[in-house]
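What follows is calculated from the coordinates using simple rules that are stated; it is not laboratory data. Values in this document were obtained by computation on a predicted structure and should not be read as measured data. Every residue, glycine as well, gets a Cβ built from its backbone with ideal geometry; the counts of neighbours run over all protein chains shown.
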Amino acid sequence: MFSQKLLIRLKNAFNIVVLTGAGVSAESGVPTFRGKDGLWKDKEVEKLATLEALEEDPKLFWEFYSWRRQLLKEIKPNFAHFSMVDIENYFEDFTLITQNVDNLHTVAGNRKVLELHGNITRNRCLRCDHIVPMEQSAGQEIPYCDKCGNIMKPDVILFGEALNEKILRKAQTASAECEVFFSIGTSSVVEPAASLPYIAKGNGAYLVEINTEETPLSENADEVIRIPASKALTGLVMILDRIR
């Protein structure tokens, strides 16, 4: 499954970066909101998950996100998530960068997680940036900030919003400094996350893609694994147990 060249790299590596996308959480049953999953109540998710939608119809906006949160309450981390916890323990410097907002990496037990697109289990004030756990707003049809009284949004990056610059810089720095970079379950088209593997490879990292489908990154990867993340990573943990 994994090449000898990769195993040699992993045996001696100090610094590892993993980038995860929707394909990892899809194995737990989290909707990808692509294709047939791109609609909710006959409305396009890309138009619902915007600041404009929140301003125009806050009740509908929050109904959608309350539905998403309720869905996630029933969803648990899968073998891919738990395997990444094990993998983190094998390396001195391990950074997990995720495009997912479902909090499953943290629930599974990963310690160093950079959430590029935020975390749906928190709310953020649109005016003062005050952040609270979603439980603090339980029972409110439309959450309002307890500091300034302004309306809140989920602490996620909505369509059209810029990423948190501090988190993005950390992700870029980690990518530039790593020895092996894994791109797992991501479409490799959403920027700026899609550029991170190229930053890693440009600085000498060995680039591995784990994805059941071909992506724009595939032809540039040093190694491509075409099986589900859960199967690939459980196998990788068994190998690391022997060589580390």
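Things worth noting here:
- Percent antiparallel among DSSP beta bridges (both partners in the chain, rounded to 5): 35
- Per residue, the average separation of C-alpha pairs within less than 8 Å and at least 6 apart gives the chain a relative contact order of 25 percent.
- Span from the the range 171-214 Cα centroid across to the the range 50-70 one, whole angstrom: 32
- Ranking Ile16, Tyr65, Ile75 by how far each Cα lies toward the positive end of the dipole of the chain (charges on Cβ) leaves Ile16 at the top.
- Cα-based Lys pair tally, the range 93-244, threshold under 25 Å, eight or more apart or on separate chains: 11
- Calculated [θ] (222 nm, deg cm²/dmol) that DSSP helices of n ≥ 4 give over the chain, each run adding -39,500 (n - 2.57): -10500 deg cm²/dmol
- Highest average packing first - 18-29, 87-98, Cβ atoms within 10 Å: 18-29, 87-98
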